[in-house]
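Read through the structure below, which is laid out as structure tokens, and then see the notes.
The values are calculated or read from the model by the stated rules, or taken from the named source; none is laboratory data. Values in this document were obtained by computation on a predicted structure and should not be read as measured data. With ideal geometry, Cβ positions are generated from the backbone for all residues, glycine too; neighbour counts draw on all protein chains shown.
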Amino acid sequence: MSHETPSPEPTPHDVPEILRAAVSHADWRIGLHQVALTLALDFARQFRLQPEDAVATLLMTVSHCLGESLQVELPHGVITPPFNLLAITPETHPMWTGVPLRFLSSGIGKHVEHRLSLQRVREQTGKQDEAAAHAVLYEQWAQQANESAGLQMLRQIADTVVCDQVRPPFVRPPLDRAVSLTTPRRGLLKTLGELSPLERVCLEDSLLGVRCIRDGNPAPGPPARPSFFWHLPKAQACAFFRQHGCWLQGVPFVMMHCRETGFPNLDVEATAVLRFDRLSEIVFGERHARSGKPRVFRLEAEVAKPVMKFIDEVARRQSKGEESASFQWVADLGLKFAMILLKLEESKKLDVRLVKNGLELAKFYARRRIEFLSAFDLGQAADSAETADLDDRERRAFLKICESGGITRADLRKTFHEMTAAERDVIVARLIELGLIRAEGRLLRRNAA
């Protein structure tokens, strides 16, 4: 198969009506700027990827480098570019998966060390000429001191902006809350398998941007907001989804399933790789420059129309019981993609064209995810006999009550993403009926096992 040709999409009867492409976007590539598409196709050829996987890789590279420097403000919250991506490959350790975040994980550190070395050389050279040293103006000295402090800050950023742990809380980077989670050194399957059910709930909360509440009180300070780029060998995929598919389905993520192995002797200095690194450096430089002062987009009605129409249609179909799955995350992902496309095209504003292109691209990857997940066993194995009869949300609520030692109904609702009071009350009533918890005054507590 030519790597210029997209893989076949799921057959129409497998795709929810709401996720089908608009007529104007029958070809998913139509919304991509030529420069971005060319870069992605170069990357695809170099690493033997399908074009749609290379495009997802490019979008993720830019999104993680942007962090929270761009934002879209909506009634239900703030949308920022970083998104989650899970890559399943035939190889155990494919080289290409190290490229998208290479600048974040190593490039910054090397860049900082080089500049600090040059600065030390300049300082040592200056000490050899005391007369010249005394002649240096105070403003120049202050400028050098400020530069040194900035370099130390960059070094700290290099140590915190990328992390391979899966247990919250994550270290918050000095410039914003966005932390890129890479594949743990011991592998994703093994590392997640070592988490307790409660720790998996806390990880899900972090990925959804929900603040954990302990003992009825929110954790102090703004929490980090992680987004993952995880890799999984295909040989582990079925076991992974049997063990972790339940909670992972509640987390918005893009999924790619690579069918071919990469080149055995890959040139890591290939043009496509260097262009990815250079793009990452430029975009991250803007993120650093905007530290604490993100560019915020407040969408006008006409610009937001494609997304609002999609959300209204989802709500209408759900109310009729036509589709049980919630696709709100697709709308959010579409806005993330729109911000990334804006950066790739170097546009000045977020217009309706970019929003529509971002949404159609998000729908495409949502269709791909349905196709890929249908190939794996998403087993419903219970975490323990105690929670065997609970659905996912009931199990999560029970674990949160266990963790807190006592929590009010209001605070329990706050620990969930977009939960209504009525939904919470149904869950609480079910847990009380099963004898797992009790109401003690205003607090909900776990019954002794």
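Within the stretch 177-218, being outside any loop (DSSP other than H, G, I, E, B), of a type in the set (D, E, K, R) and modelled with pLDDT of 90 or more holds for one residue alone: K190. With respect to the stated conditions, K293 fails to be in contact (Cβ under 8 Å) with a residue 24 or more places away in the chain and within 23 Å of the chain's Cα centre (by Cα).
Would you confirm, using the coordinates I've provided, whether R395 is crowded, with 21+ Cβ neighbours inside 10 Å, in contact with a Cys (Cβ under 9 Å, 6 or more places away or on another chain) and at pLDDT 80 or above? Yes; evaluated as a whole, the condition is true for this residue. The residues listed here are R48, R29; of these, the one that is modelled with pLDDT under 95 and closer than 17 Å to A270 by Cβ is R48. Among the conditions (1) in a helix (DSSP H, G or I); (2) in contact with a helix residue (DSSP H, G or I) (Cβ under 9 Å, 6 or more places away or on another chain), I432 misses just one, which is (2).
Within the stretch 60-74, residues that are in contact (Cβ under 8 Å) with a residue 24 or more places away in the chain sit with their Cβ atoms under 8 Å from residues that are polar (S, T, N, Q) and in a helix (DSSP H, G or I), at 6+ positions apart or across chains, in these pairs: T61/S280; V62/S280; C65/S280. Any residue at all in the stretch 296-317 that is modelled with pLDDT under 90 and within 19 Å of the chain's Cα centre (by Cα)? Checked the stretch 296-317: no residue is modelled with pLDDT under 90 and within 19 Å of the chain's Cα centre (by Cα).
Among residues of the stretch 278-301 being among the small types (G, A, S) and surrounded by 11 or more Cβ atoms within 10 Å (Cβ to Cβ), the one that is nearest to D176 (Cα to Cα) is S291. Selection over the stretch 328-351 of residues that are buried (at least 21 other Cβ atoms within 10 Å of the Cβ) and modelled with pLDDT under 90 gives a count of 0.
Could you grab me the full set of residues in the stretch 414-449 that are within 29 Å of the chain's Cα centre (by Cα) and buried (at least 20 other Cβ atoms within 10 Å of the Cβ)? Walk me through how you get there before you give the answer.
From the stretch 414-449, those within 29 Å of the chain's Cα centre (by Cα) are 414-421, 423-424, 427; that's our starting set.
Matches in the stretch 414-449: T415, I427.
Take R367 and tell me if it is at pLDDT below 85, in a helix (DSSP H, G or I) and in contact with a helix residue (DSSP H, G or I) (Cβ under 7 Å, 6 or more places away or on another chain).
Details: at pLDDT below 85: no; in a helix (DSSP H, G or I): yes; in contact with a helix residue (DSSP H, G or I) (Cβ under 7 Å, 6 or more places away or on another chain): yes.
When the stated conditions are applied, R367 does not pass them.
L151 falls short on exactly one of the conditions (1) closer than 30 Å to D205 by Cα; (2) at pLDDT below 85, and that condition is (1). Looking at this structure, is H64 in contact with a Phe, Trp or Tyr (Cβ under 9 Å, 6 or more places away or on another chain) and either of a type outside the set (G, A, S) or in a loop (DSSP other than H, G, I, E, B) (or both)? The answer is yes for H64.
Scanning the stretch 417-449 for residues that are touching a Leu at 6+ places or on another chain (Cβ under 8 Å) and polar (S, T, N, Q) turns up just one, N447.
Consider I340 carefully, then state whether it is closer than 30 Å to A158 by Cβ, under 19 Å from the mean Cα position of the chain (by Cα) and in a helix (DSSP H, G or I).
Working: closer than 30 Å to A158 by Cβ: yes; under 19 Å from the mean Cα position of the chain (by Cα): yes; in a helix (DSSP H, G or I): yes.
So I340 passes the test.
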